[in-house]
1. Looking for something closer than 21 Å to residue 63 by Cβ, within 16 Å of the ligand (Cβ to nearest atom), out of contact with any helix residue (DSSP H, G or I) (no Cβ under 6 Å at 6 or more places or on another chain) and outside any helix (DSSP H, G or I) - is there at least one such residue anywhere in segment 195-207?
2. Just to be sure, is residue 103 in contact (Cβ under 8 Å) with a residue 60 or more places away in the chain, touching a strand residue (DSSP E or B) at 6+ places or on another chain (Cβ under 8 Å) and surrounded by fewer than 19 Cβ atoms within 10 Å (Cβ to Cβ)?
3. Residue 244 passes all but one of (1) more than 16 Å from the ligand (Cβ to nearest atom); (2) modelled with pLDDT of 95 or more; which number fails?
4. Looking at segment 122-146 only, could you name the residues that are over 21 Å from residue 56 (Cβ atoms) and either within 16 Å of the ligand (Cβ to nearest atom) or crowded, with 19+ Cβ neighbours inside 10 Å (or both)?
5. Can we say residue 94 is farther than 24 Å from residue 209 by Cα and either within 16 Å of the ligand (Cβ to nearest atom) or surrounded by 14 or more Cβ atoms within 10 Å (Cβ to Cβ) (or both)?
6. Does residue 151 satisfy the criteria of being assigned by TED's automatic domain parsing to the domain that holds residue 202 and either modelled with pLDDT under 95 or more than 18 Å from residue 208 (Cβ to Cβ) (or both)?
7. Limited to segment 110-121, what total is found for residues that are more than 11 Å from the ligand (Cβ to nearest atom) and out of contact with any helix residue (DSSP H, G or I) (no Cβ under 7 Å at 6 or more places or on another chain)?
8. Condition (residue is within 15 Å of the ligand (Cβ to nearest atom) and under 28 Å from residue 99 (Cβ atoms)) applied to segment 213-235: is it met by at least one residue?
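The values are calculated or read from the model by the stated rules, or taken from the named source; none is laboratory data. Predicted model, so just to flag it, every value in this text is computed and none were measured. Every residue, glycine as well, gets a Cβ built from its backbone with ideal geometry; the counts of neighbours run over all protein chains shown.
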Ligand SMILES: [Fe+2]
């Protein structure tokens with residue numbers, strides 16, 4: 001499981017250590033200049049964190065080989081290349097990655113692509129679990145109903161965002177600066193925290209629609225992959241993220 005420490009404790013530890021700390025996940029609230037929204041209470045470090053379940057945990061919806069290649073090859077490479085770029089461009093890796101996205105337009109394409117790739121996948125892994133699926137509850141469900149009328153309409157609109165993304169990219173459920181939930185999509189590894197992104201806000205749930213996420217099992221049938229993916233969602237994780245805004 002990802003290591004979670006409080007922001008105050010993180011700051012204390014950082015001060016005591018007197019050195020850069022690449023915390024895996026840091027919890028707390030913080031204002032992001034780029035997105036102009038409060039965070040989802042989860043901050044992302046530059047290192048890849050352990051997958052919180054086995055490669056086969058999401059079977060039959062996402063197969064073990066896809067998970068293994070996706071996590072240990074694709075996502076691992078994003079983390080490695082992100083750190084290479086961050087070193088080359090003097091990015092302070094003791095700070096959350098989210099801080100960088102608000103000014104990502106000032107950095108290289110390598111940092112943008114691999115920073116987004118790392119962040120998006122870290123969120124993606126955590127938003128799924130064994131025996132997932134079902135429906136959200138509490139404030140998240142209320143907010144979904146407020147924005148999209150009902151859960152089924154939300155699912156249809158979100159799935160459409162994934163199906164209609166031309167080429168590679170992501171579908172997003174995100175909270176805007178007024179904490180209103182919205183649906184959108186981004187190309188490549190961009191995300192709504194980036195200052196150059198057309199949609200802006202804090203990602204709550206992201207769906208990877210790159211072919212590497214589904215091609216072994218679903219080939220060209222992206223819609224089938226999306227339909228199956230609903231059965232993997234860790235709604236408790238998404239709910240906590242939303243409720244910490
Ligand atoms: Fe991916």
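1. Within segment 195-207, the subset closer than 21 Å to residue 63 by Cβ is 206-207.
Adding the requirement that they be within 16 Å of the ligand (Cβ to nearest atom) leaves 206-207.
Filter once more, keeping what is out of contact with any helix residue (DSSP H, G or I) (no Cβ under 6 Å at 6 or more places or on another chain): none.
No, every residue in segment 195-207 fails to be closer than 21 Å to residue 63 by Cβ, within 16 Å of the ligand (Cβ to nearest atom), out of contact with any helix residue (DSSP H, G or I) (no Cβ under 6 Å at 6 or more places or on another chain) and outside any helix (DSSP H, G or I).
2. Numbers: in contact (Cβ under 8 Å) with a residue 60 or more places away in the chain: yes; touching a strand residue (DSSP E or B) at 6+ places or on another chain (Cβ under 8 Å): no; surrounded by fewer than 19 Cβ atoms within 10 Å (Cβ to Cβ): yes.
It is false that residue 103 is in contact (Cβ under 8 Å) with a residue 60 or more places away in the chain, touching a strand residue (DSSP E or B) at 6+ places or on another chain (Cβ under 8 Å) and surrounded by fewer than 19 Cβ atoms within 10 Å (Cβ to Cβ).
3. All conditions are met except number (2).
4. Of segment 122-146, the ones over 21 Å from residue 56 (Cβ atoms) are 123, 135-146.
Hits for segment 122-146 are 123, 136, 140, 143, 144.
5. Details: farther than 24 Å from residue 209 by Cα: yes; either within 16 Å of the ligand (Cβ to nearest atom) or surrounded by 14 or more Cβ atoms within 10 Å (Cβ to Cβ) (or both): yes.
Against the criterion (farther than 24 Å from residue 209 by Cα and either within 16 Å of the ligand (Cβ to nearest atom) or surrounded by 14 or more Cβ atoms within 10 Å (Cβ to Cβ) (or both)), residue 94 qualifies.
6. Values: assigned by TED's automatic domain parsing to the domain that holds residue 202: yes; either modelled with pLDDT under 95 or more than 18 Å from residue 208 (Cβ to Cβ) (or both): yes.
Yes: the conditions hold for residue 151.
7. First, pick out the residues of segment 110-121 that are more than 11 Å from the ligand (Cβ to nearest atom): 110-115, 119.
Pick out the ones that are also out of contact with any helix residue (DSSP H, G or I) (no Cβ under 7 Å at 6 or more places or on another chain) and you get 113.
Final tally of qualifying residues: 1.
8. yes
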